[in-house]
1. Out of curiosity, is Gly391 more than 21 Å from the chain's Cα centre (by Cα), within 16 Å of Ile257 (Cα to Cα) and either among the β-branched types (Val, Ile, Thr) or outside the structural domain of Pro134 (by TED's automatic domain parsing) (or both)?
2. In the stretch 183-198, which residue that is of a type outside the set (A, V, I, L, M) and within 23 Å of Glu51 (Cα to Cα) is surrounded by the most Cβ atoms within 10 Å (Cβ to Cβ)?
3. All but one of (1) surrounded by 15 or more Cβ atoms within 10 Å (Cβ to Cβ); (2) in a strand (DSSP E or B); (3) not hydroxyl-bearing (Ser, Thr, Tyr) hold for Arg376; state the number of the condition that does not hold.
4. For the stretch 203-225, give me each residue that is modelled with pLDDT of 95 or more, under 13 Å from the mean Cα position of the chain (by Cα) and not charged (D, E, K, R).
5. Can you pull out every residue in the stretch 383-399 that is part of a helix (DSSP H, G or I) and either modelled with pLDDT under 95 or under 17 Å from Glu97 (Cα atoms) (or both)?
6. Looking at Lys86, Lys106 in this structure, which one is among the charged types (D, E, K, R) and touching a strand residue (DSSP E or B) at 6+ places or on another chain (Cβ under 9 Å)?
7. Can you pull out every residue in the stretch 224-253 that is over 20 Å from Met337 (Cβ atoms) and touching a residue at least 40 places away in the same chain (Cβ under 8 Å)?
Amino acid sequence: MDQLLHWHEEDDPAVLSTVKEVLADVKQRGDEALLEYTSKFDRFSVGSVQELIIESDAIQQALERIDPKQRQALEDAAQRIAIYHKHQVQDSWRYTEEDGTVLGQKVTPLDRVGLYVPGGKAAYPSSVLMAAIPAKVAGVKEVVVVSPTPDHQVNDMVLAAAAVAGVDRVFCIGGAQAVAALAYGTETVPKVDKIVGPGNIYVATAKREVFGVVDIDMIAGPSEILIVCDGKTNPDWVAMDLFSQAEHDELAQSILISPDSEFLKRVEQSIDKLLPTMQRKDIIKTSLSGRGALIQVNNMDEAMVLVNRIAPEHLELSVEDPESLLPSIRHAGAIFMGRYTSESLGDYCAGPNHVLPTSGTARFSSPLGVYDYVKRSSIIYCTESSASRLGQIASELAHGESLEAHAKSAEYRIKAE
């Protein structure tokens, strides 16, 4: 099992060296460096970074250009995502003690966030919705997108999603140089408070390097699905659900757990039957053979032990009574309940966020949400009498830590008896 679950994209010294060089270059030379990297990596040249900006009017025009059915799907998904994430909004609060001490918490949205959206071979408008809408629900003032556009080919679906989600500006830049621009700011690209979104190894390494200068969401690994089935779901459905993650890339992981050995055989037959029909069959085959598994367990209790050990990104409970299993699950990014709830619905339109912890990090991490776009400030107000009472406690503790100024600062406010 340890070998099956092991995934670690080894730190590549060459990648790290390149990323550090790019970060330092953009930090020092700003727009000039961005233009050079765009010409080198994305194969087109412009005279200024201003020409790489797509403003809100042009973003909106992309929404008008796409197929009406695609627009409707984007808008329907966006509405559902917004409704779900509004339930995550936390208000500021405070309470007053008997002596007049006021304690509380002030919740404040971040000023500006940057969303990294992959470009080139892949385009993910759904990821734009998932990253931008919670930020807007949280009250973030400005949301900007950076996305590479090789050969200056801009994806209209990505722009349309940005329009629906309320993105303010799109910058046609990508790679480590885009992360650097967001982290440090340039003459044209604004510095942000947080960078969110997936990317290749250069982007992931750059995000790791700039953490602390700005906040980041996570360093995501390959996509994962774990299906627990009682043996009564259509095996074709289960096979396709396994494919839905395996088609992402060769390192994606798809695992099925069941106490029914005959069912596992039927799913294997479904895999053999359906795989040749898939457009991305080569990727799926490599993923399943390298990191996939069909696991037989003795019972559902044993299945739950494995679930918590794996701590999957996506967990499907394809069983008659998923509610009965829910209390046993401690570690999972998103839990899909019942036979009819495919993971793909969560990817696009169910409402919960599809930006989820991977590689076992669901043991301590949560899905992206409104709470990732706000910060909390503590509120403390003391009256004369409460400062005196608390000062005596603080004084004792400060002396215990040999911090004289701390002690005296509190003692000055203690009322004489």
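The values are calculated or read from the model by the stated rules, or taken from the named source; none is laboratory data. This one's a predicted model, so the numbers in the text were calculated from it and none came from an experiment. Because the Cβ atoms are built from the backbone with ideal geometry, glycine has one as well, and the counts that use them run over all protein chains shown.
1. No, not satisfied.
2. Applying the first criterion (of a type outside the set (A, V, I, L, M)) to the stretch 183-198 yields 184-188, 190-191, 193-194, 197-198.
Adding the requirement that they be within 23 Å of Glu51 (Cα to Cα) leaves 184-188, 190-191.
On the way: Tyr184: 19, Gly185: 15, Thr186: 22, Glu187: 11, Thr188: 17, Pro190: 16, Lys191: 15.
The residue in question is Thr186.
3. Here Arg376 clears every test but (1).
4. Scanning the stretch 203-225 gives a single hit, Ile216.
5. Taking the stretch 383-399 and keeping what is part of a helix (DSSP H, G or I), we get 384-399.
Once the filter is applied, which keeps residues that are part of a helix (DSSP H, G or I) and either modelled with pLDDT under 95 or under 17 Å from Glu97 (Cα atoms) (or both), the stretch 383-399 yields Glu384, Ser385, Ser386, Ala387, Ser388, Arg389, Leu390, Gly391, Ile393.
6. Details: Lys86 fails: touching a strand residue (DSSP E or B) at 6+ places or on another chain (Cβ under 9 Å).
Answer to the selection: Lys106.
7. Phe243, Ala246, Glu247, Glu250, Leu251, Gln253
Yes or no, residue by residue, for (1) in contact (Cβ under 8 Å) with a residue 12 or more places away in the chain; (2) part of a loop (DSSP other than H, G, I, E, B); (3) assigned by TED's automatic domain parsing to the domain that holds Val228; (4) surrounded by fewer than 22 Cβ atoms within 10 Å (Cβ to Cβ):
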| position | (1), (2), (3), (4) |
| --- | --- |
| Ile284 | yes, no, yes, no |
| Pro312 | yes, yes, yes, no |
| Leu315 | yes, no, yes, no |
| Glu320 | yes, yes, yes, yes |
| Leu326 | no, no, yes, yes |
